[in-house]
Every structure is written in structure tokens, then in C-alpha cells.
1. Out of residues 5 or more away from Val83 or on other chains, whose amide H comes under 5 Å of its own, with H placed 1.01 Å from N in the peptide plane?
2. Explain nothing, just the number: dipole magnitude of the chain about its Cα centre with +1 on each Lys and Arg Cβ and -1 on each Asp and Glu Cβ, in debye rounded to the nearest 20.
3. What is the helix-to-structure angle for 5-14, meaning the angle in degrees between its Cα long axis and the longest Cα principal axis of the chain, kept from 0 to 90 and rounded to the nearest 10?
4. Based solely on its DSSP helices, what 222 nm [θ] is calculated for the chain when runs of n ≥ 4 H residues each add -39,500 (n - 2.57) and the sum is averaged over all residues, nearest 500 deg cm²/dmol?
5. Enumerate by residue number the GluC sites (Glu not before Pro) in region 36-85 meeting two conditions: DSSP loop (anything except H, G, I, E, B), and at most 15 other Cβ atoms within 10 Å of the site's Cβ.
6. Sort out the exposed loop trypsin sites (Lys or Arg not before Pro) in the chain (DSSP loop, at most 10 other Cβ within 10 Å) and tell me the longest stretch that has none.
7. Hey, what angle do you get for helix 21-42 against the long axis of the chain, alpha-carbon based, 0 to 90 degrees rounded to 10?
8. Work through the residues other than Ile17 whose Cβ is under 13 Å from its Cβ and net out their charges, Lys, Arg +1 and Asp, Glu -1.
Amino acid sequence: MPLSLDEVRRIAQLARIGVSDAEARTVLVQLNDIFELIGRMQKVDTEGVEPMSHGQDLKLRLRDDAVTERDQREGFQSLAPQVEQGLYLVPKVIE
């Protein structure tokens, strides 16, 4: 379903974007090209295709899950304005 020039102008108005007639015509062509591409992609038969987590067949290099920093919790909490039972207390901002 291609867009019309009036629809592009309406979208620009809703987005509070000022566009000239030339810009609106350029955007109209670009948006219609995008919608055409989406339509072609939706027609592709993907039945039986397993979803991929990445476009390339890459394996992540994992590292050991080991603690590398020393515990500084007490030092950080000593600087906080209010702490109770190891938790930072903050003022209520939403009623």
C-alpha cells in the first residue's frame, strides 16, 4: 500500500517536521521503496528455516566467570547519605 504525498505531509506535521514540497516528494519515494522491500520480504517462504542469533555463524569467545574486582561495598555505602541493612535509601519521588 503506497503512501500518498498528502500522507507524507500529514506524517511530517504530526512529527512537527517542516518539509518542503521537494523534500516531501523525496521522502515519499524513499518510504514507498522501503514499504515495497518489506512487502517482498514478507512474501519469502521461511517455513522450516531455523532462526539465527547472528547473521554470520560466529561463536562467542567466553571467559571464565571469575571475580576480578575487590569488594568495595562498605566504602561506597559509607559515602551514601542514608543506608539501611545494606540498601541505599532514596527519597520517594512518585506518590
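1. Leu89
2. 260 debye
3. Helix 5-14 sits roughly 30 degrees off the main axis of the chain.
4. -13000 deg cm²/dmol
5. Sparse-neighbourhood loop GluC sites (Glu not before Pro): Glu47, Glu69.
6. Longest stretch, sites excluded: 17-42.
7. Compared with the principal axis, the helix lies near 80 degrees.
8. +2
Values in this text are rule-based calculations from the coordinates and carry no lab data. Remember, predicted model here, so these are calculated numbers, not experimental data. When we count neighbours, we look across all protein chains shown, and the Cβ atoms used for this are built from the backbone with ideal geometry, even at glycine.
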